[in-house]
Amino acid sequence: MAFPLSSAIIYHKLSLHVFIPPSVPKRVSLSTHFAVCSNEMLSKDLARKGRSRIPCFSKRKFSEEVAERHDFPANFYMSICRFGLKKLENLIAVVLIWVQISSPLPLFGWDSFSISPARAVLYSPDTKVPRTGELALRKAIPANANMKAIQDSLEDISYLLRIPQRKPYGTMEGNVKKALKIAVDEKDSILENLPVDLKEKGSTLYASLIDGKGGLQALLVSIKEQDPDKVSLGLASSLDTVAELELLQAPGLSFLLPGQYLKYPRLTGRGIVEFTIEKGDGSTFSPEASGEPRKTATIQVVVDGYSAPLTAGNFAKLVIDGTYNGAKLSRTDQAVLSDNGLDKNNGYSVPLEIKPSGQFEPLYRTTLNVQDGELPVLPLSVYGAVAMAHSEVSEDCSSPYQFFFYLYDKRNAGLGGLSFDEGQFSVFGYTTVGRDILPQIKTGDVIRSAKLVEGQDRLILPNES
C-alpha cells in the first residue's frame, strides 16, 4: 500500500524601494510582494495586484505649498522647517518599515483589516476538521436538529478556548445560554424522537444535561469564573451527554443505500471492536500506571456505520468470522497495517466509501478534492484513525480485508494540518482505547484476537436483507 505525497509551498517576499527620480518630488515608496507556489500553479498576478504604496511628500514640496498659501518667502519656511521635516521624514520611513515587517500589508481586495486577531484564529484550516476521534464520531451522529443546534453551539466554545491570552468569555456565555434555551424550549421535541424502550434513559440524560454536575448550568458557572481548565472539563462533560442523547435518537441509517450495494454486509449504527495485541519477538508493552510490563495489550476501535455503512459492515463481518485472529502487523512511519497475506476469499471488495462534510449520504468510488475544500465527515488526519487499504485491483474499491491504523503526525502533514492522503481512503472508525499502544507496535507483532463486543444487532448480512 502506498501513501502518495504532494507538496505545496507558500512564501512571502518583502522588499522596500526608495527611489528619487530627478524630475519629480521625492517620495518614499513601500511595496509588498506576495506569491504562492504549488505543485500545480504559480500565481504571479497576486504579486502585481498585491502591491501597496504609501507616499510621503518631501519637505521641499510641503514648504513651498505652505509659503505659497501664506504669502511668505519659500526660503524662510525652508530654513525653519528644514531640520524638523528631515527628522520627520526619517521617522516616517522607520515607522513604515517597522509596520511592514511586523504586519505586512494585505493583498489588494482582501478585507484583512476587518478580521480581528482572535477571529483569525477561528478561521484557521485547523478548525475545520475534527482533531480527535471522539470529536469526529460525535459530529458524525445523525441526530435531531435541535440536538445538533445545541452541539454546534457548544462545539464553538472549544474553538474559542484555543484563542490565546484574553479569551472571549462573554461569547462563550452567550453560546451556553443559547444551547440551554434550545434544550429547555424544545424538550418535547428532543425526547419524543427516542424509542419507547429508551425514553427513561433519555429523560435521565436530559436532566443531567440541564442541571447535572457536568451540565450546562455548571458550565455557565465555570465561564463566569473565567477558569479555562474548568470550562474545558465542563464542556467535555456536556458534549459527552449530548452525544449519548444523539445516539439514542439515531437508531439506524438516515439515508437509503443504492440498490446495487445491498449485496454487501452493512452496519446501520455504531460498533466496538476490541483487539488483543501481542509482541512477535517475545518482548513486552510498557506497563500501565503502577503496573507490570504487559505481554499483551488491548486496543478498542469504534466503527461508524452512520458514515461508512458498507466499509464498517464488511469489517465487522470479518471480525466475527475470525479473519484477523493471528494476523501479523507491519509498521511504517505513517501506519500500522494488518497482514496482506490473509485468505483472499474472505471479505468483500467494497467500493470506496467517503461521506463529505455537510452531505446527507456517502459518495462511492470517488475521492475528495481537499484542495477545493471538500472534507470528509470521518477525517484521516486523526491519530488512530482506522481505514481500509486500497484494493490491489482498483483504487475505486477498498481491500476486502487489509486495514490500517493511521499514525497522523502534524509535522508531516500539509497546509492546514491535513494529511496528504486526506479524502483518499475509506475511514470507518477511530481508536478510542489504547492509542498509547499504537506507537509501540512493531513489524511482526500479532493480533491474537479481534472481537465485536458491541453492535452485533446492527450488522445486516446480505441474506438478511
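The values are calculated or read from the model by the stated rules, or taken from the named source; none is laboratory data. These figures come from a predicted structure and were not determined experimentally. Cβ atoms come from the backbone with ideal geometry, glycine included; neighbour counts cover every protein chain shown. Keep in mind that these areas ignore ligands, DNA and RNA; they rest on the heavy atoms of the full protein, side chains included. Shrake-Rupley method; radii C 1.70, N 1.55, O 1.52, S 1.80 Å.
If you average the C-alpha positions of the stretch 279-316 and of the stretch 374-418 separately, how far apart do those two centres end up, in angstrom?
Distance between centres, Cα-based: 18 Å.
Quick one: plug the Kirkwood hydrodynamic radius of the stretch 309-368 (C-alpha pairs) into Stokes-Einstein at 4 °C, 1.567 mPa s, and report D in µm²/s. Write out the running numbers ahead of the final one.
On the way: Rh = 13.6 Å.
Answer from the Stokes-Einstein relation: 95 µm²/s.
Lys/Arg Cβ at +1, Asp/Glu Cβ at -1, dipole of the stretch 256-352 taken about the Cα centre: which of 316, 277, 296 is farthest positive-ward?
The residue sitting most towards the positive pole is 316.
Rounded to whole Hz and in sequence order, give me ³J(HN,Hα) for the stretch 273-280 from the Karplus expression 6.51 cos²θ - 1.76 cosθ + 1.60, θ = phi - 60°, writing x for Gly and Pro.
Going residue by residue, I get 10, 10, 9, 10, 10, 10, 6, x Hz, with x marking Gly and Pro.
Quick one: accessible area per residue over the stretch 356-465, 1.4 Å probe, rounded to a whole number of Å²?
Details: 4950 Å² over 110 residues.
Spelled out: the 1.4 Å probe surface of the stretch 356-465, per residue, equals 45 Å².
So if R0 is 35 Å, what FRET efficiency would residue 203 and residue 360 give, r being the distance between their Cβ atoms, rounded to the nearest 0.05?
0.75
For the pairs 263/451; 178/230; 230/295, flag any whose C-alpha to C-alpha distance is greater than 30 Å.
230/295
Scan the stretch 375-463 for trypsin sites (Lys or Arg not before Pro) in coil per DSSP, keeping those whose Cβ has at most 14 other Cβ atoms within 10 Å, and list them by number.
Loop-located and lightly packed - 442.
Could you report the stretch 198-286's accessible area per residue, 1.4 Å probe, as an integer in Å²?
46 Å²
In the stretch 298-402, what chymotrypsin sites (Phe, Trp or Tyr not before Pro) fall in a loop by DSSP, with at most 12 other Cβ atoms inside 10 Å?
Of the chymotrypsin sites (Phe, Trp or Tyr not before Pro), the ones in loops of the stretch 298-402 whose Cβ has at most 12 other Cβ atoms within 10 Å are 360.
When the accessible area of the stretch 232-327 is split by element with a 1.4 Å probe, what percent falls to carbon and sulfur? Could the numbers behind the result be given before it?
Numbers: 1840 of 3640 Å².
Whole-percent figure for carbon plus sulfur exposure: 50.
When all C-alpha to C-alpha distances in the stretch 257-347 are sorted into bins of 5 Å, what percent of pairs does each bin hold, rounded to whole numbers?
With 5 Å bins starting at 0, P(r) equals 3, 11, 16, 20, 19, 13, 9, 5, 2, 1, 0.
Could you calculate the contour length gain from residue 456 to residue 296, that is, 0.36 nm times the residue separation minus the distance between their Cα atoms, to one decimal place in nm?
Length gained, residue 456 through residue 296: 55.1 nm.
Work out the P(r) tail for the stretch 202-304: percent of alpha carbon pairs separated by more than 17 Å, whole number. Working shown, then result.
Working: 3744 of 5253 pairs.
Result for the distance tail: 71 percent.
Any idea what diffusion coefficient the stretch 185-244 gets from Stokes-Einstein, in µm²/s, Kirkwood Rh on alpha carbon pairs, 4 °C, 1.567 mPa s?
D = 107 µm²/s.
Quick one: divide the alpha-carbon radius of gyration of the stretch 307-465 by 2.2 N^0.38 Å and tell me what you get.
So the Cα radius of gyration is 1.02 times the expected 2.2 N^0.38 Å.
Run through all the Cα pairs of the stretch 255-300 and give the fraction in each 10 Å bin from 0, expressed as whole percent.
20, 29, 17, 18, 15, 1
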